[in-house]
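To start, the structure itself, in structure tokens.
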Amino acid sequence: MSRIGIAFSGGLTATEIADCAERAEALGYESVWVAEGHGGDQFAILAACALRTRRVRLGTAITSVYVRTAPTIAMAAAAVDELSGGRFVLGLGSSHRVQVGPEHGVEYSRPLGRVRDTAAVVRALLRDGEVSHAGETVRIERFDLWFRPFRGDLPIYLSALFPKMLELCGEVADGLILTRGTLETAARARAHIAAGAARAGRDPAAIEISSLLPASVSADRGEAFAAARPGLAFYAGFFPRYNRLIAESGFPDETAEIARAWAAGDRAAAERAVTDEMIAATGIVGAPGECRERLEAYRASGLDLPIISPFARGPGAKDRFMAAIEACAPR
């Protein structure tokens with residue numbers, strides 16, 4: 001059976017996500033992932049999913065290393081890991097400057113160091129039950145756990161888009177979480193992971209490469225593309241890092257126009273600048289048969305674990321998530 005995950009980044013309540021997770025497990029999905037963002041507390045939602053499922057892995061995609069302290073992340077991870085019987089995966093990432101400061105009131109600086117330090121603190125605390133750390137960005141005199149974790153060594157994946165963070169993934173992580181990649185992304189990522197793994201004396205083949213892939217499924221192909229357009233406009237318009245990623249994927253003119261429109265507050269113009277070619281190149285979109293073919297193409301490109309990430313908001317959002325889950329389920 002082909003491995004596939006499902007990710008949630010907002011649009012549904014915690015109960016609806018747990019319903020979807022239960023259905024995804026029944027259909028053979030390998031994992032369920034919940035974003036940080038604005039969609040609800042990811043650890044609480046995953047705890048609910050843990051109690052409604054028995055087999056699927058449950059992961060964060062991703063937990064920001066800025067808006068929670070490293071010991072708090074470790075304790076939350078340990079709690080979900082215990083509730084799930086050892087099925088938890090901690091996905092860590094640096095999030096975005098445009099979110100961390102303006103939305104959380106937290107200084108955003110030295111993201112590579114912050115990710116490295118956070119991963120080190122989490123690993124040490126879960127392994128040893130206490131930690132002291134004097135890192136580049138995180139300094140902890142002493143923190144100890146007043147409980148015993150279910151596992152002292154749970155998997156840590158890193159979110160990465162560009163060479164330096166990809167190499168850090170090769171150095172310290174068990175897996176990589178890509179986002180909105182094309183069919184060329186996984187191969188490029190593997191090269192950078194291998195460079196980082198070589199510095200640390202690690203086997204790069206042991207590092208799993210996953211990717212969040214926007215998914216929009218409909219028997220009406222035009223409807224599927226229309227539903228995907230707002231999400232891509234938001235990512236390319238609001239996040240400079242994703243704008244750069246999509247530009248480097250072959251769409252520099254389009255992303256420049258999206259950025260201009262977004263900065264001017266013209267969301268409609270930003271959406272109009274999103275072409276069908278951009279949507280098709282960076283996600284899973286179309287009729288069910290097309291979506292299955294696209295998933296197979298991503299696997300053939302070197303992706304170990306495709307994770308569909310439907311974008312749906314407002315009335316009917318749960319139905320759209322369920323439609324994607326049904327359409328992309330492993331055979």
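Just so you know, all these numbers are worked out from the coordinates, no wet-lab data involved. A quick note: this is a predicted structure, and the numbers were derived from the prediction, not measured. Neighbour counts run over all protein chains shown; Cβ positions are idealised from the backbone, glycine included.
Here are a few things to note about the model shown:
- Unit charges on C-beta of K, R, D, E only; dipole of segment 191-322, Debye: 420 debye
- For segment 38-81, trypsin sites (Lys or Arg not before Pro) are listed when DSSP marks them as loop and at most 15 other Cβ atoms sit within 10 Å of their Cβ; the list is ARG54, ARG55.
- Computed [θ] at 222 nm, deg cm²/dmol, the chain (DSSP H ≥ 4; -39,500 (n - 2.57); rounded to nearest 500): -15500 deg cm²/dmol
- For segment 25-97, relative contact order (Cα pairs under 8 Å, six or more residues apart, normalised by length) works out to 35 percent.
- Under 5 Å between amide hydrogens, built in the peptide plane, is the criterion, and for PHE88 it picks out LEU58 among residues at least 5 positions away or on other chains.
- Computed over the chain with a Gaussian network model linking Cα atoms closer than 10 Å, the most mobile of THR182, THR137, THR282 is THR137.
- Between amide H atoms placed 1.01 Å from N, distances below 5 Å from GLU208 occur with GLY175, LEU176, all of them 5 or more places distant or on a separate chain.
- Net +/- balance of residues flanking ARG313 in space, Cβ distance below 15 Å, scoring K and R +1, D and E -1: +1
- Distance from the Cα centroid of segment 139-155 to that of segment 282-300 is 40 Å (rounded to whole angstrom).
- Using the Cβ of SER2 as centre and a radius below 14 Å, the other residues enclosed give a net charge of +1, where K and R count +1 and D and E count -1.
- Summing charges over neighbours of TYR157, with a neighbour being any other residue whose Cβ is under 12 Å away from its Cβ, gives -2 when K and R count +1 and D and E count -1.
- A simple charge model with +1 on the Cβ of Lys and Arg, -1 on the Cβ of Asp and Glu and nothing else charged puts the dipole of segment 1-94 at about 220 debye relative to its Cα centre.
- Taking θ as phi - 60° and the Karplus parameters 6.51, -1.76 and 1.60, the scalar couplings of segment 300-306 work out to 5, 7, x, 7, 6, 9, x Hz in sequence order, x denoting glycine and proline.
- Each Lys and Arg contributes +1 and each Asp and Glu -1, all at the Cβ; summed about the Cα centre of segment 221-285, the dipole is approximately 200 debye.
- From the alpha carbon centroid of segment 91-138 to that of segment 237-274 is 29 Å.
- Additional length obtainable on full extension of the chain from ASP276 to ALA191, 0.36 nm per residue less Cα span: 27.7 nm
- Selection from ILE279, THR255, GLY237 lying farthest towards where the dipole of segment 221-285 points positive, charges on Cβ: GLY237
- Between 0 and 90 degrees, the angle of helix 163-172 with respect to the longest Cα principal axis of the chain falls at about 40 degrees.
- Listed candidates [x] 19; [y] 28; [z] 16 - label of the one calculated as percent of Cα pairs over 34 Å apart: [x]
- Angle in degrees between helix 14-26 and the longest Cα principal axis of the chain, rounded to the nearest 10: 80 degrees
- Full-extension gain in nm, ALA226 to ASP153, via 0.36 nm per residue minus C-alpha separation: 22.0 nm
- Principal-axis tilt of helix 185-200 within the chain, Cα atoms, nearest 10 degrees: 10 degrees
- Near ALA287, the amide H atoms lying under 5 Å from its own belong to SER218; only residues 5 or more places off or on other chains count, and H is placed 1.01 Å from N.
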